[in-house]
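Okay, so here's the structure we're looking at.
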Amino acid sequence: MNRKDVLALWKKASACIADEITNNEEFAKKIGSIFEASSVAAVSSNNETSNSSARKGKRRKPAKVNPFFLLEQGVESLKEGLEDLDTEELKDIISENGMDSARLAMKWKDPNRLINHIIEATQRRSSRGEAFWNTGSEKSNHSK
C-alpha cells in the first residue's frame, strides 16, 4: 500500500472517529479516558526516569504550564498563566515546545520578552492548518 492510500484511509478513519465523538457522549468519554490514562502514564514514566537516573547534559526541566491549553481559554488566560512563572520556567516552556530553533530566546533575560515570544509562537502554531478545515460557516459565506 502506498503513502497516498494510507493517508486517504487515515483521513476516513479519523473523520469517522471525530463524528462519533461529536455524536456519542459515551464514546467521547471512553476516548477521553484513554488519553487521560496515557498522559498519566507518560508523566509517571518521565518522573521515574528523571529521578532514578543521573541527568546527562544540560537538559531543561519539564514545563510547568501547557501554553496551548491556556490559549484555548483565551490570550489573556495564557498571559496571566505565564506571568506567574520566572525566567527559567518560561525558558523551560520554550525549550519543551521547540519554540526557539535558533536558540536565541534562551539568552534573553527579560520575562516580558519571553512571555511575548511564547504567546506569538503558541498562536502561530495553533492557527496552522486552519485553511484546510471545512466548516459550515465558510461554505455559507462563499455561496453568497
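The values are calculated or read from the model by the stated rules, or taken from the named source; none is laboratory data. None of the values given here were measured: they were computed from a predicted structure. Here Cβ is always computed from backbone atoms with ideal geometry, including for glycine, and neighbour counts include all displayed protein chains.
Go through the residues of region 105-115 one by one and say whether even a single one is surrounded by 10 or more Cβ atoms within 10 Å (Cβ to Cβ), modelled with pLDDT of 80 or more and among the small types (G, A, S).
yes
It is to be established whether one or more residues within region 92-104 are under 16 Å from R124 (Cα atoms), loosely packed, with under 11 Cβ neighbours inside 10 Å and over 14 Å from the mean Cα position of the chain (by Cα).
Scanning region 92-104, I find at least one residue that is under 16 Å from R124 (Cα atoms), loosely packed, with under 11 Cβ neighbours inside 10 Å and over 14 Å from the mean Cα position of the chain (by Cα), so the answer is yes.
Looking at (1) outside any loop (DSSP other than H, G, I, E, B); (2) over 28 Å from A18 (Cα atoms), which is the one condition that is false for R124?
(2)
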